[in-house]
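The values are calculated or read from the model by the stated rules, or taken from the named source; none is laboratory data. Here the structure is a predicted model, which means the values were calculated and not measured. Glycine also receives a Cβ, built like all others from the backbone with ideal geometry; neighbour counts cover every protein chain displayed. In case anyone asks, the SASA skips ligands and DNA or RNA and just uses the protein heavy atoms, side chains included. Shrake-Rupley method; radii C 1.70, N 1.55, O 1.52, S 1.80 Å.
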Amino acid sequence: MKQNLILVFFLCISLITYAQEFTPNYNEAKIPDFTLAALLESTQGKKITSTDDWESIRRPEILEIFKGEVYGNIPDAKVKTSYKSLESSTEAIDGKAIRKQVRITFKRKGKSAFMDLLIYLPKQAGKPVPIFVGPNFYGNHAIENDPEILLSNSWMRNNEGMGITDHKATEKSRGYNSHRWPVSYIIENGFGVATYYYGDIDPDFDDGFKNGIHALFNNKKNNDVPKADAWGSIAAWAWGLSRAMDYFETDSAIDEARVAVLGHSRLGKAALCAAAYDERFALVISNESGCGGAALSKRAYGETVGRINRVFPHWFCDNYNKYNENEAALPIDQHGLLALVAPRPLYVASAEEDQWADPKGEFLSLKTASIVYELYGLENLIAAKMPPVDQPLIQGHTGYHIRTGKHNVLKYDWEQFVKFAEMHLE
Ligand code: GCU
């Protein structure tokens, strides 16, 4: 009897595992037929023919869908914010840059959290500079081999190669990701660059909203159970970007009207979410953000909504689970998110070997969103074909490239981002 029970137990476990096993589709012929929601028609069926109608009717409708069904709502409640300079120097990056490390502390109802912003600015600017801002994966100290960057003490995903065990960073990770952040190159081109460690705002694991910035907004009455449309981690990381923007508004060396927000992969999803929710960002760059970022979900190519929600249950709001293996029911696809960026310049970057993120789906999403840029009378990608690898396509306010190689951020990507930003922010 006992043996039979054990057998049944293991049978159940293997059935569950089998049911959850995921085989991505990489075959264009197997993409389901799908229809994308019209961007220029309201839910009531009104045709959107002017930028006024877009801004007052359709854009708010689409934004509400992303807040209610995808990334979740950021609470309205105010947090008390203060800034403290932790360190600064006018001799950073071989004397070419100013470095600032600013702790932004958030307080609410007796709880507090912080994020440390690392900023490099070109030295001889003489006027407020345009700046790139994006979160980073392994601590500020990992983005540049600069011994003065404070080593992060925050919870971190383990990474053997970087010497991160027990969720704590060590000196070994200093500068480890510098290939993703060509600070010197960015500075030489007249831009500042700022970053914060995403785990300061929300450690990247499913903890039921107990840590990071979520903890400040927990609703005890609700027994800490978030509502189905409450913000997940992506919206929290986006919130962090907006707090960086608040800081820029107080720093006279930075031109807050020329801030380019960017992110790679899950942080590319966060950068797009930040730009959709907060219109102060002047230019947006998505690097290989894929599913739940720039890519069209209804293609179900590579990573899918169901798979992302199962593996990363804390990233999106709970309502997003309604679309697991049910993309057809999505009231809007990710082209709507890109459209929320319009008319601000928007660049989407893919990599050929990053099929998981569906490069073609990222391109088609941008192309479809271009109709809103057209409404603004701006040159766009509507008529464009997907360009061959390593041939960036920039048409007015929209840009796209697919480069050779894997899922990563390379100097090549930054060269295009800087070129695009020069066109629009200089
Ligand atoms: C995983 C995840 C992606 C995400 C990526 C990353 O691959 O499935 O959605 O973009 O991690 O952030 O590196």
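Of the peptides 194-206, 306-318, 53-65, the order by per-residue mean of other Cβ atoms within 10 Å, starting with the highest, comes out as 194-206, 306-318, 53-65.
Just the number, please: Stokes-Einstein D of the stretch 61-425 in µm²/s, Kirkwood Rh from C-alpha pairs, 10 °C, 1.306 mPa s. Display every interim value, and only then the final one.
Working: Rh = 20.5 Å.
Answer from the Stokes-Einstein relation: 78 µm²/s.
Largest GNM mean-square fluctuation across 334, 124, 395, computed for the chain with C-alpha springs under 10 Å, falls on 124. Computed over protein heavy atoms with a 1.4 Å probe, the accessible surface of the chain works out to 43 Å² per residue. Would you work out what percent of the accessible area of the chain, with all protein chains in place, is carbon or sulfur (probe 1.4 Å)? The value for the chain is 53 percent carbon and sulfur by accessible area.
Whole-Hz Karplus values for the stretch 379-386 come out as 4, 7, 9, 3, 8, 7, 8, 4 Hz, taken residue by residue from phi with 6.51 cos²θ - 1.76 cosθ + 1.60 and θ = phi - 60°; glycine and proline positions read x. Among 256-266, 367-377, sorting by the average number of other beta carbon atoms lying within 10 angstrom of each residue, highest first, gives 256-266, 367-377. Compute the FRET efficiency between residue 210 and residue 23 as 1/(1 + (r/R0)^6), taking r as their Cβ-Cβ distance and R0 = 35 Å, and round to the nearest 0.05. In this case the efficiency is close to 0.55. Can you compute the label reach from residue 123? Point 7 Å from Cα along the Cβ direction, backbone N cut-off under 19 Å, restricted to the stretch 183-220. Answer for this model: 183-194. Listed by number, the DSSP H helices of the chain that run 18 Å or longer by alpha-carbon position along their axis and have mean Kyte hydropathy of at least 1.0 are 2-20.
Note on residue 107: lysines with a C-alpha under 27 Å away, same-chain residues under 8 apart excluded, are 67, 78, 80, 84, 168, 210, 220, 221, 227, 269. Computed packing ranks the peptides 69-77, 270-278 as 270-278, 69-77, most packed first, by mean other Cβ atoms within 10 Å.
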